[in-house]
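Undergrad: Just passing along the structure, written as structure tokens.
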Amino acid sequence: MDLVVSLAHQLKDSLRDLAPVVLVMAFFQLVVIRQPLPESLALIDLALGLTFVLVGLTLFIKGLELGLFPLGENLARAFVTKGSITWLLLFAFALGLGSTVAEPALIAIAARAADVVAQGGLIDNSPSAQTSFAFSLRMVVAASVGAAVVIGVIRIFKGWPLHLMIIGGYLLVLLLTLLAPAEMIGIAYDSGGVTTSTITVPLVTALGVGLASSIKGRSPMLDGFGLIALASVMPIIFVLLFGIVGIHLIPGVAP
């Protein structure tokens, strides 16, 4: 019964959150564009799609609250309790790597980036070359997030100042931007955004908060957050380096 009541409250919250988006789209469709919907988009399909989005968002958020957040925090506390730093760092890297590989946004961006890079002449314009590039880009971004989570975990243990690490990271980004191929710069900057999406953010945040609440002298508020910031800047660095030194090492992509 409690779960049903909780889902009802979450459904109400999801409806409130989606309402501004729906209203904006409706306003521009009805007032500004003043054109009928495309024949391929029937009103029943539109209503059904919005319903799926509403229900899906509700279940997704409730799933995070019930499962992923508690699991991530409990795993972090268990590693700290057992004093297994090596396994904790391996877990942190695997968590960042695995969650990022599964990001739908990254899969879409990598496929589109392969097409654009091929048109720009940076790789061979063939399906095999584009597939290799897209897979390699996903692995580079996923490895960068894994590295970012490891650095973030070490930061929580050591108490390193987050703002200095972020400033240093973006200074390195600016330097690498001057050296990277022009075709890779936009892709690199967008890679930092697509990694902080639906799967990665909840898991990494749960890990950070769980660690900070388990380590004496650390504050979940001050030290538990910040892993996502590192997971945003690190992919930019890795993809820029990939464009500078790594892209031509992929078999079968040379133009």
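The values are calculated or read from the model by the stated rules, or taken from the named source; none is laboratory data. Keep in mind the model is a prediction, meaning the values are calculated, not measured. Note: ideal-geometry Cβ built from the backbone for every residue, glycine included; neighbour counts use all protein chains shown. All accessible areas refer to the heavy atoms of the entire protein, side chains included, with ligands and DNA or RNA removed. Shrake-Rupley method; radii C 1.70, N 1.55, O 1.52, S 1.80 Å.
Undergrad: Can you compute 3J(HN,Hα) from phi for each residue in region 43-50, using the Karplus curve 6.51 cos²θ - 1.76 cosθ + 1.60 with θ = phi - 60°, rounded to whole Hz and x for Gly and Pro?
TA: Values per residue, Gly and Pro as x: 4, 5, 5, 5, 5, 5, x, 5 Hz.
Undergrad: Now a separate question. Given LEU43, ALA19, VAL80, which one lies farthest toward the positive end of the charge dipole of the chain, if we put +1 on the Cβ of every Lys and Arg and -1 on the Cβ of every Asp and Glu?
TA: VAL80
Undergrad: Here's something else I'd like to know. Kindly provide the helix-only [θ] at 222 nm of the chain, computed as the sum of -39,500 (n - 2.57) over DSSP H runs of four or more divided by all residues, to the nearest 500 deg cm²/dmol?
TA: Value at 222 nm, helices only: -25000 deg cm²/dmol.
Undergrad: With +1 on the Cβ of every Lys and Arg and -1 on the Cβ of every Asp and Glu, and nothing else charged, how large is the dipole of region 1-157 about its Cα centre, in debye rounded to the nearest 20?
TA: I would put it at about 380 debye.
Undergrad: Using alpha-carbon pairs under 8 Å, 6+ residues apart, how would you state the relative contact order of the chain in percent?
TA: Relative contact order for the chain comes out at 26 percent.
Undergrad: How much of the accessible area of region 134-255, probe 1.4 Å, is carbon plus sulfur, in whole percent?
TA: 75 percent
Undergrad: Keeping all protein chains in place, calculate the accessible area per residue for the chain (probe 1.4 angstrom), answer in Å².
TA: I get 54 Å² per residue for this part.
Undergrad: Roughly to the nearest percent, how much of the accessible area of region 26-120 is carbon and sulfur, given a 1.4 Å probe?
TA: After summing per-atom areas, the C and S share lands at 73 percent.
Undergrad: Averaging the inverse of every distinct alpha carbon separation and then flipping it gives the Kirkwood radius. What is it for region 50-197, in angstrom units?
TA: Taking the inverse mean of 1/r over all distinct Cα pairs, region 50-197 comes out at 17.7 Å.
Undergrad: Hey, another quick one. Count the lysine pairs in the chain whose Cα atoms lie under 19 Å apart, taking only pairs 8 or more positions apart in sequence or on different chains.
TA: Close lysine pairs found across the chain: 4.
Undergrad: Same structure, new question: What full-extension length gain, to one decimal in nm, is calculated for VAL24 and LEU222 as 0.36 nm per residue of separation minus the Cα-Cα distance?
TA: 67.7 nm
Undergrad: Follow-up. Once a ≥ b ≥ c are taken as the square roots of the eigenvalues of the Cα gyration tensor of region 74-154, is the result rounded (a/c under 1.5), prolate (a/b larger than b/c) or oblate (a/b not larger than b/c)?
TA: It is prolate, given that a/c is not under 1.5 and a/b is the larger ratio.
Undergrad: Another question, then. Which value, to two decimals, describes the C-alpha radius of gyration of the chain once divided by 2.2 N^0.38 Å?
TA: Dividing the Cα Rg of the chain by 2.2 N^0.38 Å gives 1.18.
Undergrad: Between PHE135 and ALA108, with labels modelled 7 Å along Cα→Cβ, what's the label distance in nm to one decimal, could you check?
TA: With each label placed 7 Å out from Cα toward Cβ, I get 2.3 nm.
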